[in-house]
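Every number in this text was worked out from the coordinates using simple rules, so none of it is lab data. What you are looking at is a predicted structure, and each value in this text was computed from that prediction instead of being measured. Note that each Cβ is placed from the backbone with ideal geometry, even for glycine, and that neighbours are counted across all protein chains shown.
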Amino acid sequence: MSKILVIDDEKSIRNTLKEVLEYENHQVDLAEDGPTGLDLFAANSYDVVLCDIKMPKMDGIEVLFKINENSADIPVIMISGHGNIDTAVEAIKKGAYDFLEKPLDLNRLLITIRNAMDKSRLVTQTQVLKNKVSRMYEIVGESEPIRLVKSMIDKVAPTEARVLITGANGTGKELVAHQIHEKSTRAKGPFVEVNCAAIPSELIESELFGHEKGSFTSAIKQRIGKFEQANGGTLFLDEIGDMSLSAQAKVLRALQENKITRVGSDKDIHVNVRVVTATNKNIKKEIENNSFREDLYHRLSVILIYVPTLNERQDDIPILAEHFNSLICNEYGMSKKNISNDAIEELQKIEWTGNIREFRNVLERLIILCKDVITGKDVIDYARPVSGNNV
């Protein structure tokens, strides 16, 4: 059952709306003027607000403005017996979900309310999903090396500076990129990720810049590239060290001029993108080997962030173990396991060549194979497949 607030100075209209909406199984509160409506709105939770425009004490546009100040996600439907195009346009510009003229068409009113509630539910669901995604990309740890990374993210994220993230495979470079985006002024824009190592060299330019129909044999339709998709947001180029030299030249131009050209076209397209890159390679050695452009490196590396290996941050293993224990048990719908102190000690003895990625896999294996308490012996038996007896 949804809850609706009706604000209107005409008693007959308030009562009619209450009768109609309650018949449709909505819960309805009534207010005879703006201040009363705002008091009710502050004291209760509503799914939709119906508000008259012409009222004593406070007009509906002012009520709309005050509601939107603190609760912009709650749809407000404006109604008026003095409707005209200018009034409707002003109401929509001020943030109203819709504008209805008196005398009200009840069928249209009910459809508008239903659509407004659908929109409200979608906004809520989207926020829940965003929160889940944010938790997925949380950087877990309190060791000094990881504190330095977090501090650097906090300093760099609000700026427009390009960032090059370095570190071994599995250390969590993509988490750093996501955090930079989430804490930036572009957080409401798209975050577009490209794994340069996973795309064949002959297709990387099409992937990044798009192509026109017929520009090559398999180009059966026009394609929008990742630079355009990321417009207004962040483009994360992972494994930038594996990008072909020809693609590097085009990326350099895009960074210099803020414009790209689709494959098969000569038309420039302006883009507004913040580029964040990552690599597990030593880019300076790649430059010496003539496999990476030095001028591009200097464009990308305004800020350098090194992500430490798990072996460099072993103090974080107890925190990481608890984090993945909760996360994995929740995914499997099972009760959280207890991890003994000797299990933590055994985990800290391991040489983690695969870093956080390997650590998560080991925790998942232990959670699946062990009983309620994960012991040091369990770690010895299951975390090291080569020497273990049970794997």
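Size descriptors for region 311-382 (Cα atoms only): Rg and Dmax, in that order, 11.1, 33 Å.
For residue 281, the lysines whose Cα falls under 17 Å of its own Cα, not counting residues fewer than eight places away in the same chain, are 173.
Gain on full extension, evaluated as 0.36 nm per residue between residue 384 and residue 89 minus their Cα-Cα distance, stands at 99.5 nm.
Protection proxy ranking, highest mean first, for peptides 276-284, 20-28: 276-284, 20-28, where packing is the per-residue count of other beta-carbon atoms within 10 Å, averaged.
Sequence neighbours fewer than 8 away in the same chain don't count; with that in mind, list the aspartates and glutamates whose C-alpha is under 17 Å from residue 213. Cα-Cα hits under 17 Å: 202, 205, 228, 266, 268.
Taking a straight line from the alpha carbon of residue 349, these lysines sit under 23 Å away, with near neighbours fewer than eight places off in the same chain left out: 337, 371, 377.
Expressed as a fraction of 2.2 N^0.38 Å, the value expected for a compact globular protein of N residues, the C-alpha radius of gyration of the chain is 1.33.
For region 30-187, taking Cα atoms only, Rg and Dmax work out to 22.6, 68 Å respectively. Residues whose amide H lies under 5 Å from that of residue 189, counting only those 5 or more places away or on a different chain, are absent; hydrogens are built 1.01 Å from N in the peptide plane.
From most to least packed by mean Cβ count within 10 Å, the peptides 97-103, 335-341 give 97-103, 335-341.
What the phi angles of region 23-28 give under the Karplus curve with 6.51, -1.76 and 1.60, with θ = phi - 60°, is a coupling list of 4, 8, 6, 9, 8, 10 Hz, glycine and proline written as x.
Ordered by the number of other Cβ atoms lying within 10 Å of each residue's own Cβ, fewest first, 309, 234 fall into the sequence 309, 234.
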